[in-house]
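To start, the structure itself, in structure tokens.
The values are calculated or read from the model by the stated rules, or taken from the named source; none is laboratory data. Just so we're clear, the structure is a prediction, and the values are computed from it rather than from any experiment. Using ideal geometry, Cβ is built from the backbone for each residue, glycine included, and neighbour counts are taken over all protein chains shown. Accessible surface is based on the protein model in full, side chains and every heavy atom, while ligands, DNA and RNA are left aside. Shrake-Rupley method; radii C 1.70, N 1.55, O 1.52, S 1.80 Å.
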Amino acid sequence: MARNWIPVRGAEGRHSRQAHADMPEGTYEREVSKEGFFGPAAFFHHRRPPTGWSSFEGPLRPRAFDLGALNAAPASPWDAPKVLGNAHVALSFWKLAEPMPALARNADGDTLLFVHQGSGDLFCDYGHLAFQAGDYLYLPRGTMWRLATGGPAALLVIEATGSHFSLPDRGPLGAHAIFDPAILDLPAMDAAFRAHQDTPGEVRVEVKKRGEVSVVTYPYNPLDAVGWHGDLAPVRLNVRDIRPVSSHRYHIPPSVHATFASDRFVVCTFAPRPFETDPGALKVPFFHNNDDYDEVLFYHAGDFFSRDDIKPGMLTFHPSGFTHGPHPKALKSMLVQSKPATDEYAVMIDARDPLDVADTALPVENPRYVESWKG
């Protein structure tokens with residue numbers, strides 16, 4: 001049943017007529033909204049940046065983690081260091097130093113691998129797919145798979161616990177906007193796959209269910225299918241194939257960059273796009289209260305224009321309940337940018353339910369991140 005929001009249409013004091021544009025001179029806009037950016041909203045115009053705190057203590061503080069400093073390189077994804085999670089989503093950062101000796105199977109839900117570094121080959125029930133940095137690899141629940149890397153690799157592992165990944169509704173943009181589903185690559189039962197099938201000896205399958213791992217051992221390689229048909233399969237999507245929506249007159253909310261959706265969270269991709277050119281349009285992310293969603297950003301590559309002292313391989317976590325927005329350095333370019341386009345690739349996870357920080361992430365946390373908004 002559609003929600004019947006309390007009907008309010010109000011305005012007081014000095015304000016713009018259009019969100020994220022033509023703000024009163026000398027002010028900083030802050031958005032307060034329901035259901036992310038999809039419900040009713042109010043827009044405040046402040047004399048000072050809403051993140052100009054002198055101190056911020058407690059569990060709601062913004063946090064940052066240098067995942068590249070997690071040096072463990074387990075052979076199984078189920079042993080990868082946990083970073084964040086709740087009952088519906090789990091995030092891990094997995095460094096893989098050599099080909100996986102066993103097959104993996106997630107019986108808890110769908111799995112999405114984002115390849116931050118490295119390249120190699122995915123072998124699974126459905127066939128063979130090569131992968132490289134910037135690839136998303138979607139693995140439906142129950143798929144048996146292994147990665148054979150060509151050298152060290154690093155991957156962000158996103159699990160939809162008890163659920164699935166799907167494509168978001170594009171609305172009036174249509175199903176072929178941002179990326180055409182035809183660009184999704186499927187595994188092939190090619191010569192490399194057939195050669196992998198003939199690997200001699202016992203093969204272990206590490207099956208994760210309810211967070212625990214069981215091991216099933218076969219005297220042969222169980223990836224021995226000779227064919228398949230249907231409308232369920234792993235797919236590959238590279239971030240360079242994403243064509244983001246942009247507007248030269250309006251700073252579009254990040255929700256438009258949704259790439260995959262699950263029941264209680266979404267995965268978005270930030271890819272290079274032109275900056276807004278209208279003189280009155282905001283050219284940095286707007287300040288907003290993330291009151292309904294925990295926000296996670298994993299920085300993959302490029303120049304992250306809204307954050308200072310952030311490098312590839314870092315992850316930031318902003319729990320719901322406080323106002324966040326661009327760093328002071330980025331605010332200097334709030335209305336005028338020195339270059340024509342952004343130059344960044346990042347993965348964002350917006351979780352509807354509170355996320356918990358795993359103990360394994362604490363050694364790589366930057367405790368000074370919360371201080372970086374001090375002007």
* Using distinct alpha-carbon pairs, which all enter the 1/r mean, Kirkwood radius of the chain in Å -> 22.1
* To do: Could you tell me, in Å, what Rg and Dmax come out for the Cα atoms of segment 335-375?
  => 15.8, 41
* Asked: What is the set of long-range amide H partners of residue 121 at a cut-off below 5 Å, with H atoms built 1.01 Å from backbone N?
  -> 131, 148, 149, 150
* **Stokes-Einstein translational diffusion, segment 148-187 - Kirkwood Rh over all Cα pairs, 1.306 mPa s, 10 °C, in µm²/s** => 116
* Return the carbon/sulfur percentage of the accessible area of segment 94-134, one whole number, probe 1.4 Å, all protein chains in place. => 46
* Asked: For the peptides 250-257, 15-22, 314-321, 337-344, what is the packing order when you average, over each peptide's residues, the other Cβ atoms within 10 Å and list the highest mean first?
  -> 314-321, 250-257, 15-22, 337-344
* Asked: Long-range amide H contacts for residue 300: which residues qualify at under 5 Å (H placed 1.01 Å from N, peptide plane, sequence gap of 5 or more or a different chain)?
  -> 313, 345, 346, 347
* Asked: According to the Cα gyration tensor, what semi-axes, each the square root of 5 times an eigenvalue, does the equivalent ellipsoid of segment 242-306 have, listed from largest to smallest in whole Å?
  -> 21, 15, 12
* When the C-alpha atoms of segment 307-375 are aligned to their principal axes, what extent does each axis show, in angstrom, from largest down? -> 41, 25, 24
* Structure fact -> To the nearest Å², the heavy-atom accessible area per residue of segment 1-130 with 1.4 Å probe amounts to 52
* Structure fact -> Result: in the chain the number of Lys pairs with C-alpha under 18 Å apart, spaced 8 or more or on different chains, is 11
* How much solvent-accessible surface does residue 364 expose, in Å² to the nearest 10, with a 1.4 Å probe and all protein chains in place? -> 20
* Is it possible to state the helix-based mean residue ellipticity at 222 nm for the chain, with each DSSP H run of 4+ residues giving -39500 (n - 2.57), the sum divided by total residues, to the nearest 500 deg cm²/dmol? What is it? -> -500 deg cm²/dmol
* Mean projection of the alpha-carbon convex hull of segment 175-220 over all orientations, in nm²? -> 6.0
